[in-house]
Structures are given as structure tokens and as C-alpha cells.
Amino acid sequence: MTRPLILVVEDDPHFGRQLSDLFDFLGYRTEVAESGPAALAFVETNPVDFLLTDLMLPGMSGVELVKAMREREGGDRLPVMMMSAIYKNPRLFEKELRQLEVLEFLAKPFSLIDLGRKIDAVLDDDVELDSDAAITATGSWRLDEIEEALGEARPDFDSLGSWDRKSLVGLLNELFRRHAAGVLTLSHQKSTRAIYLLNGYPVWASSEEPEETLAAVLVDSETLDGPAAAALVRQAAEEGIDFREAVVRGGQVSERALVSAERRRVRRVLVRSFAWAGGEYEWAPGDDFVDRFPIFEVNPVPCLAEAVLRYLSVDELAAELLERSDQLFVEGSQRRQLGSYLALQDGLLGLLDAMDGGSTVGDLFTRYQAEREALVPALWLMFTLGIADSADAPPAPPQQLAVEHQPAAKRSIPPQPLFVPTPDELVGAETVRSDDDDDDEEQGILKDYLTLMQSDHYRFLGVDQSADVGAIVRAYSDRKQRYRFERLSGLSSDARSKRKELLDRLERAFTTLTAPSRRAAYDAELKAREQREATPQPGAAERLRTARALLSRGDIHQASTVLEELAVRHPNSAEVLCLLGQARHRLAAGPHELPAAREALQRALEIDPFHARSLRALAEVARGQGDERARRAAVEQVRDLDPDDPWLLSAAASE
């Protein structure tokens, strides 16, 4: 019987990979598409059994995607769930969700384990979806098994121990990479902080420090004045209720402002934990706290970057980096997974690109000499998180004596018959292995992961660009035998996870290079990339300054060209995306051309939800589209960030 096929539409590759791991473990086939158009292209030739889609997507929204799916033959029977990290309240889309018969709206972050139970219930023919009890059926699979499949079974540190600032970075990174759920309690002398994590993301925090309460955050952001906050604190104590409940009852703070403040509070507790030089920690796995606390997701990578910049000694970190000064600055195993989350200062925007340019670590200190105070923490964190790595420079080629060139005799090569592999040849015969081979095999997997994951398809397979289909099939067969799931026993959970990623990468390379049309498109893309890399480019910071100058003097077309290039090379820069959205807005001839501007601004806000310029620009774009609800939402977010923002006056005057 064919396993059900789940189509996941998610533009965050890290989260998409988590969902794919989950559904693969549960026995489903999974396809991850990063946009609505890509999802529609996939279903043209692949009937799917379940659709899980994000609401905010490039190209078209999740609502538009589901509408298109419903219009297809048989689409009215397709089970659909929708999710969003930006819009938490399904009441905003209640009409659309009902009309499109969406089973459930999931506010990110949510428990992957609970999601698995729900999808099991939907796809199990024996389960009736008439009650909440049915849709949260526990299913037949074991919690500890799925946690192990997702890398959550046992982190690589003891559940009790001591920490210092550097090791705390490692602890939080380990939990993030393993998609862990649980509570990390940090103690120092007589004070404690607790960080609650869901799928690796901090979602709640508790602290005994008075500066880290919700009241303190609301006062610091000038959302409440001091006397009003103190009155609410007294009211909460007198009535025996939570301060947050007292704020909601008082009606002095909007729901949106309260959510923003809660998220800032979680971030503040996490970052300020590094103010302690060290202490003791306790890790307690589990996600039962989701029933006791509200969830406010915070991306840990920017938090770690801020903490390292504020609390770790630049001189001490620089001493560690100097040991690598003669080594090449190259991609790390986590660049693809975590690189987009690292918000670099404008002066360091070219740092990620330097991995591809053959620079040494010492070269970076020379190139970014004026940015040393920001460069050192950024480099140290990139090495620690695995975004970057260092490698010995290749030795200079030995000198050879010149010899008189003699042309080789020409010989004819008989035509080779087309190689058509049998199924056995594709998979290869299973080899006998002993427990003594486990260490060597694990080292081989880790080495392949470090050296091949970011390479092109040809280098990954070990063939050149002129290889025929037969050579590609043989190379594929050899590697697939090496990465087969049946040989996972005896390896660590980290090696098993990396082997799965290598196998997924192998399948992508094989399907691309054995289809003539796909291979031709891929070769063209490689050629274009080589040409771009061969052309010297100005520094990213300089290009950004140029774009700002072009915008200010009204040269919108040229500014847009510069910003489009920057957005490709720096997709994690909220500032670049904000300026690109503004340029697209000013170039738009009418409402039908505004979606491109809105897409860039929404991507900027996904990276930095508190980017005021992007919120202001989004309000203007939404007004041009006639989307009054989105315009009001953006205006309210600007007001929450800064009630005295002069732009609010012009926004009110234009209503």
C-alpha cells in the first residue's frame, strides 16, 4: 500500500526540515515546497493526501494557495492545516478558514509531537474527527522514539552541571540544533532563571530579577508609565491574579503591544543570563509546560549574537581566533541551517560571502579593521555555531621541470552503449560489517557532511560535468549504499541525523542530473554563478550606502537593481529587504504591482519583527492595495514600538 504523501509549504528551511523528519518517522512520504507556486507545480504531477501550509509565503499567501488547491479536481476533499508565526489569532482569518474548510490553524511555535498526533488522526481512516478528543488522539507511536528520530533523545551534555558564558552558548546551540523541548534552569548564588524551549526555540522565561519582569519591559518601552505599572502590580497582588491578566483587564495596553512586550521579556531574560559569569544548570526535557504558559517564540541565534557582543571579552575571543589566522575561512556544516538567522551589522554584511572567496581568518581582521569590536564576537559565534569553519590552506604545487611538449597520438574511442542499471545495481549489495567498523563509518559520515553538503551536485557525486547518465547512476549507487538507513545501528544520533541529510542531498543530485531538462537548467545556473564569482564586487556595506543614496535622489530603477542583487546575497538583512520593498513600492504603476513590495517587507519583518521602517512602509503598501486591515495592523505595531513616532501623525492625517 502506498504511503500517504504530505505536502509541506514552508519557506523556513530549518523548520521545513523538522517537519520532514517528523513525517518521515511517522511513515509518511513528505515533499517540502518553499512557495505557493512551487507547491502548485508539484501537485500537477503528484497527487497529495494532506496539505500543511504556512500563511505568509513568497509569491502567494497560504490562503491563496488553498483556494487554488480547492479549485483543482479532487481538491475539495484534501485535508488542510494552516500555520503562521506572525498572525497568532485565527479569528483574523475566521471567514477564510471556514470557507476553505481548513481543519486547524496552528500558531507557531507548536509542539511537533502534538502535530504528529493530529495528522495521524486525520489520515487514519478509523478516526472520526467529530471532537477535540479525536483530533488529539495519541496514536500508536512512542514518544521516546520520535524524540530520538528528531534528535531530542539525549543532548550531548549532562542534565546537571556547571556553566560559564562560553559553555552556555554551546548549551543553547545544542538544544536549538536538536529541536529540543524542555526547561533549562540557570542558577547563580541565590537567584535563578528558567528558559522554556519548544522545538529548540525559547518560548517562555521566568526570572527573579526585577528588571526582567513584564512590568519593567512595558515601562522601559514607554508602553506604560511607572505609576500605572506599579498600580497594576498592586492590583494583581491584591486580587491574586497574574500581572498580565491585570494588564488585560485594565485595557491600557493593546493585545499586540502585550505580545511584543512578552517576546521582548523572553529575549531579555535569555540575553541577561550571560550577565552572570557562570553558575549551575539543570536540563529537564518535556513539553508539558505548553498547557501552563503562553507561548512567545524567540529566535535564539540573534539573542546569542547580542549576548556574545555584550558580555564576552573581545580580547579573550580574539586570542582564540588568532590561532586560526593562517587558516582559510570556509563554510561550516550549519551555514545552510543557521546562516540566515545571524543578523550582522551593516559593516559586516560581506562576512558570509567571504567564505567563498578563499580568505584567511587573518585577512578578515585586515579587511574589517574598523569593525573589530563587532567582527571578533561575530566570527567567534559563527565558529561556535558551526556556521563557519577554518581549514588548512592547500600546499603550493611542487615546481616541475619544463619538458618538451609532444602531442599524444590520436586514438578513436568506440561509442559506449547506453548504461541501463537494474534495480539491484542501483541499490547495491549489502555488505557485511562488524561493530569495529562503526567508528570509521561515523568519521566518514561526518567528513562527508563537512566537505560535501555545500558542494554542487557533480562534486557531491564525485563526477565531472561531462559525465554521462551511466557514470552518474554508478556514482549514485555507490553513495546510496554508503548512506542506507538499514545501516544506522551503532552510530550516534548526530551521525544518523547527518546521514539522513546526506541521503536527501544525494536524491536531489540524482534526480536533477538524470533528467535532461533539469540538468540543462542546473548547468546554466552553475555557469551563471561562476561568472558572478569571477566578477569583482564592491563591499556589501558600500553597495548598501550606494542604494540609499540612489533612493534619496530619486534614481529608483538603479537603486532597485542594486538592492535586488544585495537581497540575493544577503537574504537575512532586514535593512536590505526594507529598502528593496520601498523601491518596489515607488516603482509600482498600480495596485497589481504592489505584491512584490509587500513580499520584501514581510520578509524583513520575519527577520526582525520590530523593524519600524519596514512596518511604516508596509502600512503604505497596504493602503495602496486597499487592505485596510493590514494597514491598521502595521500602524498599531509602529505605535506599540514608539507612541511618539512622528510618522503616526501623517498616517492619521491620511485616513
Contour excess over end-to-end distance, with Cα ends at E280 and E255 and 0.36 nm allotted per residue: 5.4 nm
Derived scalar couplings ³J(HN,Hα) [the range 601-607; Karplus, 6.51 cos²θ - 1.76 cosθ + 1.60; whole Hz; x for Gly, Pro]: 5, 5, 5, 4, 6, 5, 6
Ellipsoid semi-axes in whole angstrom, largest first, where each is sqrt(5λ) of the Cα gyration tensor of the range 160-301: 28, 16, 14
For the range 250-302: rounded, prolate or oblate by the Cα gyration tensor [a/c cutoff 1.5]: oblate
Listed peptides 283-292, 604-613, 227-236 by packing density, highest first (mean Cβ within 10 Å): 604-613, 227-236, 283-292
Equivalent-ellipsoid semi-axes of the range 578-647, from the Cα gyration tensor, Å, largest first: 19, 13, 10
Ordering of 301-313, 374-386 by burial proxy (mean other Cβ atoms within 10 Å per residue, highest first): 374-386, 301-313
Reciprocal of mean inverse Cα separation for the range 1-86 (Kirkwood radius, Å): 12.8 Å
Rg(Cα)/(2.2 N^0.38 Å) for the range 616-655, N = residue count: 1.03
All lysines inside 18 Å of K500 as judged from Cα atoms, apart from same-chain residues fewer than 8 positions distant: K447, K480
Calculated FRET efficiency for the pair A467/F157, C-beta based, R₀ 45 Å, to 0.05: 0.55
Distance histogram for the range 306-374 (every C-alpha pair counted, 5 angstrom bins, percent rounded to whole numbers): 3, 15, 23, 28, 26, 6, 0
Three semi-axes of the equivalent ellipsoid, the range 539-655, Cα gyration tensor, whole Å, largest first: 23, 16, 13
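Here, each number is a calculation from the coordinates, and none is a lab measurement. Keep in mind that what you see is a predicted model, and the values were worked out from it rather than measured. Note that we place each Cβ from the backbone using ideal geometry, even for glycine, and neighbour counts take in every protein chain shown.
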